[in-house]
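Notes follow once the structure below has been shown.
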Amino acid sequence: MTTLSSELIQTGLSTQVIGRPVQYFEQIDSTSNALKKPAERGRPEGMVAIADEQTAGRGRLDRTWEAPPGTSLLSSILFRPAFLPPDKAQQLTMICALAAVEAIQTQTGVQVGIKWPNDLMYEGRKLAGVLTDLSFAADRIEWAIVGMGLNVNILFDTEAKSLDDRLLARDAISLQMITGRPAPRLPLFRAYLRGVDARYADLRRGVSPVADWAARLITLNRPVKVTTPAGPISGLAAGLDETGALLVQRDNGQVSRVLAGDVTLRRP
Ligand code: BT5
């Protein structure tokens, strides 16, 4: 297991905003929770929390994120994107997902795709998930915390005792399982932070990440079923708009704009 520490991550990182500072925890409930108080108390953006173990790792909609200690990259970043209109908050999720995809590619050679709205996928299995917590003040985003759980050196067990673990082993994958060898976490994480820093600077200059994100999406032009809070929607994933909403063309030709939900890719 490669060692992580605030110092090892920060030294010579040469980022403008992201990773200033980095807080490392051996164990914490959730790295996203760890940034909430600093966010509410007005700490400047760029602060990063990373942990070797989470006791209450969160997914979306009260789901959990599971990772054995020391096997993953479990991290969150605090942003204060006052320049970004609230309806484009999803672009923060996009820049982090893209930075992770690119860091994985340069550090390990593994090519991964993105499944709308927040998963990194490899051959139909989930390698990483992104969770974005937002706080709005009047007409702007007050803060955003983007959490990333990336499976680096987990060996999921298809014969595990608990059903939940067996189901996870069916649907999840790690970099070690893909390449057949453990991946060092430190250079991968530093590459990720540098990528987020560069993409965040672009975002501030008005450069939209939507085209790059769309190019990585495995969800587009495929028949999908989206589970939304308002019920399921089936159709063709026909496109995206600048807010990151998925445009689903139904069989009757009508186009639905889906802001949040879970996608199942259907067989054509
Ligand atoms: C996500 O939610 O994919 C967002 C996960 C974000 C986790 C990071 S870790 C650092 C930061 N701190 C936190 O507390 N959270 C963030 P969602 O789309 O709701 O997916 C959750 C589902 O993914 C679970 O219900 C499981 O089915 C599955 N899952 C759980 N652990 C997994 C893992 N290690 N690999 C792949 N899938 C997993």
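The table below lists the values:
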quantity	calculated
Carbon + sulfur, % of accessible area of region 220-265 - ligands and nucleic acids excluded, 1.4 Å	52
Heavy-atom surface of the chain, accessible at 1.4 Å and reported per residue (Å²)	47
F156 accessible area, assembled protein chains, probe 1.4 Å, Å²	40
Stretchable slack from L247 to T264, in nm (0.36 nm times residue separation minus alpha-carbon distance)	4.7 nm
Gaussian network model of the chain, Cα within-10 Å springs - most flexible of L61, L217, L150	L61
DSSP-loop trypsin sites (Lys or Arg not before Pro) across region 9-105, with at most 12 other Cβ within 10 angstrom	R41, R63
Calculated from backbone phi, Karplus (6.51, -1.76, 1.60) coupling profile of region 63-72 in Hz, x at Gly/Pro	7, 10, 10, 10, 7, x, x, x, 9, 9
Modelled FRET efficiency - R0 30 Å, S5 with R41, Cβ distances, 0.05 increments	0.80
Dipole magnitude (debye, nearest 20) for the chain, charges at Cβ of Lys, Arg, Asp, Glu	420
GluC sites (Glu not before Pro) within region 1-66, DSSP loop, no more than 14 other Cβ atoms inside 10 Å	E26
R222-R166 FRET efficiency (beta carbon distance; Förster radius 30 Å; 0.05 resolution)	0.65
Distance (nanometres) between label positions extended 7 Å along Cα→Cβ at L61 and S135	2.6
Charge dipole magnitude, Cβ of K and R +1, D and E -1 - region 1-141, Cα centre, debye nearest 20	340
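The values are calculated or read from the model by the stated rules, or taken from the named source; none is laboratory data. Quantities reported herein were computed from a predicted structural model and do not represent experimental measurements. So basically every Cβ, Gly included, is an ideal-geometry build from the backbone, and we count neighbours across all protein chains shown. Note: areas computed on protein heavy atoms with side chains; ligands, DNA, RNA excluded. Shrake-Rupley method; radii C 1.70, N 1.55, O 1.52, S 1.80 Å.
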